[in-house]
Amino acid sequence: MTSIPHRPRPLEAEELFADPEFSSPMISPDGALLAYVAPAHGRRNIWVRGIDEGHEDARCVTHDDRRGISTFFFCEDPRWLLYLQDTDGNEDWHLFRVDLRSPSTPAVDLTPLPAGSRVFAAEPLRSRSATVLATMNRRPAALDTFLIDVASGETTLHHEQPGPGQDLLLDGEGTPAFLARVTDEGDTQFSAIDPVSGEHRALLRVGGADHPMGVEIQQSTPDGTGLVLGSYLEGDDLQLVRVDRATGEIRVLAAVEGWSLDILSVLAPGVLPPTLYTDRRSGEILAARFTGPRPRIVVIDPGFAEVHAALSALSDGVLGALSSDLSGRRWVATFHHDREPDVAWFHDRTTGESRRLSPSSPHLDPQDLAPMEPVSLTARDGLPLHGFLTLPPGRPPRDLPLVLEVHGGPWVHDSWGFSPQSQFLASRGYAVLQVNFRGSSGYGRRHTLAAVGEFAGAMHDDLLDAVDWAVSQGIADPDRLGILGGSYGGYAALVGAAFTPERFSAAVDIVGIADLASFLRSLPPVSRPYLRSNWLTYVGDPEDAAQEAEMRFRSPLTHVDRIRTPLLIAHGANDARVQRTESDTIVASLRERGVAVRYLLADDEGHGFGNPENRIRLQHAIAEHFATHL
């Protein structure tokens, strides 16, 4: 009997951009409970069930009907579950408490802050039961550390920030072990703090431009005797190193020749895959993530090797999130895969039992999805570039309409894994190309530094060179090229439309920067000491007249009269990073000139669309936009 070949089908926005049915699983400290995110009340909410139970036995313990929850964690006392939430995407994060003994009781805001203040970080303090360390800017321009008693809600000041751009690195007891100070030049000076006298002693200084997001990994060891850093040392690859507090001796903990630490997690801790995996009880580092055609996990703690080997045998994907009980016996892991949303597994180290947990999107068939293939090319100045290509399943890769999908940041990178955006477009017949242009993280010091002064310059040339590569390979039709991106990617889409309008037949800008000087001036005071190593060095200082003029030249808003590319622009009214007035101005100018532009403004969104109905509405608009113009 002849088998009928499977024909992939177009995927609907509702299938890819609705909230997943199961995501972000985490095991409780006692190993008895599984917490995870699933839909309820029209939003992502947290559910809890016994570790051996199914979803039909679970309880929904949060009741948010306004905005979905993404970041949560257990307290060391498993009675308490904590999560972060803002209001309509404004990024004024608050920390909420759920009492699992009374899950129907409304969550308690542990951080009732004034408008404009937020929780920047929160984590359990291992040495004190039911206590959380939280970093907040109750003082508008300072990042102070507070102790929160979860049961009572009492908040006490733990350590004030010593000064602008100065951060205390605490040991496992919550005691200052090191100080990281951003200098006027943007470098970071690390000092050891004597545990008895409190005196500071200089250890080392790290170049700022090498680390535009700040030194991406900087933390004390639990015992306070070592400083753990992401460092290039004398080479080009970002390595994980330990600096001895007493001697200053530097020891490499993990390195992969030709590849760097994957620091994506700094963009969204608790949401994106972690750079470091740590032991729940001790806080010691178990493993580190590195970039590559597929991310690579390097085991650091020999005792974790057995667990990692057992987990790796469960999936051909790449380890994502990981949690265990305090004993290290029971583990819950997710795996990233290009043709399947996060796959989750439970593993019992003692019994050897492993079982797959609830699927994230059971309606998706991997046969309908497209592989994400790593690609390499060379920029016009000889810089190696790496990226990913997603092709329409079941179609010959010849003369296809192509969408160049540009990542945000720009100091982050695209990585191998499941991309709803790429799958959505590929299922509609588009080739989707993602390129880690210069300035992207994860590809070495030289690659990062090559972006200094190159906004709307060589950074844009890299995108054009990637498109030219796809055309030269016969994959892309040069007359049917589109560009799409969010945040910096939205800026890149606007640059494509304004600086090279002849190259792209359609562009999509999602919360993109249109005016670089205005963008920098609108950033909150607490961020200003940290701008020297990134925006001020790579782009310019708007308080300097000559640099401001250069920034204006590199801003799409200055060249709006050159735009003739049909545009789709999406913005959140509560965007705390890019003011909606930038998009308003672009749209008004284009409409006045009769250039095709569609504007989606969401009143309940911020820097990106988070609510499922808005994501789906945006994707319908993207599909229509490219279908019309490509």
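The values are calculated or read from the model by the stated rules, or taken from the named source; none is laboratory data. Everything quoted here is computed from the prediction, not taken from an experiment. Don't worry about glycine lacking a Cβ; one is built from the backbone with ideal geometry, like all the others, and counts go over all protein chains shown. What goes into the accessible areas is simple: the full protein's heavy atoms, side chains included, and nothing from ligands, DNA or RNA. Shrake-Rupley method; radii C 1.70, N 1.55, O 1.52, S 1.80 Å.
With a 1.4 Å probe and every protein chain kept in, tell me what percent of the accessible surface of the chain is carbon plus sulfur.
Carbon and sulfur: 50 percent of the exposed surface of the chain.
Which part of region 304-325 falls in the paramagnetic zone of Ala268, meaning amide N under 17 Å from the point 7 Å along Cα-to-beta-carbon?
320-322
Could you compute the net charge surrounding Thr350? Neighbours are other residues with a C-beta less than 13 Å from the C-beta of Thr350; K and R count +1, D and E count -1.
Around Thr350, the surrounding residues sum to -1.
To the nearest 20 Debye, how big is the dipole of region 45-129 about its Cα centre, given +1 on the beta carbon of each Lys and Arg and -1 on that of each Asp and Glu?
Taking the Cα centre of region 45-129 as origin, the dipole is about 280 debye.
Once phi is turned into ³J(HN,Hα) by the Karplus curve 6.51 cos²θ - 1.76 cosθ + 1.60 with θ = phi - 60°, what whole-Hz value does each residue of region 500-510 show in order, with x for glycine and proline?
Calculated HN-Hα couplings, in order: 10, x, 7, 8, 10, 8, 7, 9, 10, 10, 10 Hz.
What spacing in nm lies between the two simple spin-label points modelled at Glu234 and Arg138, each 7 Å away from Cα in the Cβ direction?
About 4.8 nm, to one decimal.
Assigning unit charges at the beta carbon (Lys, Arg +1; Asp, Glu -1) and nothing else, what dipole magnitude in debye, to the nearest 20, does the chain show about its Cα centre?
Using Cβ point charges on Lys, Arg, Asp and Glu, the chain gives about 560 debye.
Which residues in region 154-189 have a backbone N closer than 20 Å to a point placed 7 Å from the Cα of Asp77 along the Cα-to-Cβ line?
Inside the label zone: 154-158, 173-174.
For labels at Cys60 and Glu173 in the simple 7 Å Cα→Cβ model, what's the distance in nm?
Placing both labels 7 Å beyond Cα along the Cβ direction yields 4.6 nm.
Between Gln219 and residues 5 or more places away or on another chain, which pairs have amide H atoms under 5 Å apart, with H built 1.01 Å from N, and which residues are they?
For Gln219, the qualifying residues are Val228.
Pro295: net charge of surrounding residues, Cβ under 9 Å, Lys/Arg +1, Asp/Glu -1, itself excluded?
+2
Under 10 Å from the Cβ of Val508, count the other residues' Cβ atoms, weight Lys and Arg +1, Asp and Glu -1, and hand me the total.
-1
With all distinct Cα pairs included, what does the Kirkwood hydrodynamic radius of region 496-561 come out to in Å, to one decimal, could you say?
For region 496-561, the Kirkwood estimate is 13.1 Å.
May I ask you to derive the FRET efficiency for Leu157 and Asp544 from their Cβ-Cβ distance with R0 = 45 Å, giving the value to the nearest 0.05?
Computed FRET efficiency for Leu157 and Asp544 comes out at 0.75.
Would you kindly find the accessible area of Asp468, with a 1.4 Å probe and non-protein molecules such as ligands, DNA and RNA excluded, rounding to the nearest 10 Å²?
That residue has around 70 Å² of solvent-accessible surface.
Label-point separation (nm) for Gln189 and Asp561, each offset 7 Å from Cα along Cα-to-Cβ?
4.9 nm
Between Met213 and Asp479, how high is the FRET efficiency from 1/(1 + (r/R0)^6) when r is the Cβ-Cβ distance and R₀ = 41 Å? Nearest 0.05.
Taking R0 as 41 Å, the efficiency between Met213 and Asp479 is 0.60.
With an 8 Å cut-off on Cα pairs and a minimum separation of 6 or more residues, tell me the relative contact order of region 146-240 in percent.
This gives 18 percent for region 146-240.
At a Förster radius of 22 Å, what calculated FRET efficiency corresponds to the Cβ-Cβ distance of Arg128 and Asp223, to the nearest 0.05?
The formula returns an efficiency of 0.85 here.
Using Cα pairs under 8 angstrom and six or more residues apart, how large is the relative contact order of the chain, in percent?
This gives 11 percent for the chain.
If you find the alpha carbon centre of region 561-612 and of region 377-411, how far apart are they in angstrom?
For region 561-612 versus region 377-411, the Cα centre distance is 25 Å.
Keeping all protein chains in position, work out how much accessible area His347 exposes to a 1.4 Å probe, and write it in Å² to the nearest 10.
Number for this one is 10 Å².
Counting only heavy atoms of protein chains, what accessible area per residue, in Å², does the chain have with a probe of 1.4 Å?
39 Å²
Among Leu400, Ala506, Ser487, whose Cα sits farthest toward the positive end of the charge dipole of region 367-514 (+1 at Cβ of Lys/Arg, -1 at Cβ of Asp/Glu, about the Cα centre)?
Ser487
Taking a temperature of 25 °C and a viscosity of 0.890 mPa s, what whole-number D in µm²/s does Stokes-Einstein yield for region 102-150 with Rh from Kirkwood over alpha carbon pairs?
206 µm²/s
Where Rh is the Kirkwood radius over the Cα pairs of region 412-549, the temperature 25 °C and the viscosity 0.890 mPa s, what D in µm²/s does Stokes-Einstein return?
Value of D from the Cα-based Kirkwood radius: 150 µm²/s.
Please give the length that would be gained between Glu373 and Glu624 if that part of the chain were fully extended, namely 0.36 nm times their separation in residues minus their C-alpha to C-alpha distance (nm, one decimal).
Additional length available on full extension: 87.7 nm.
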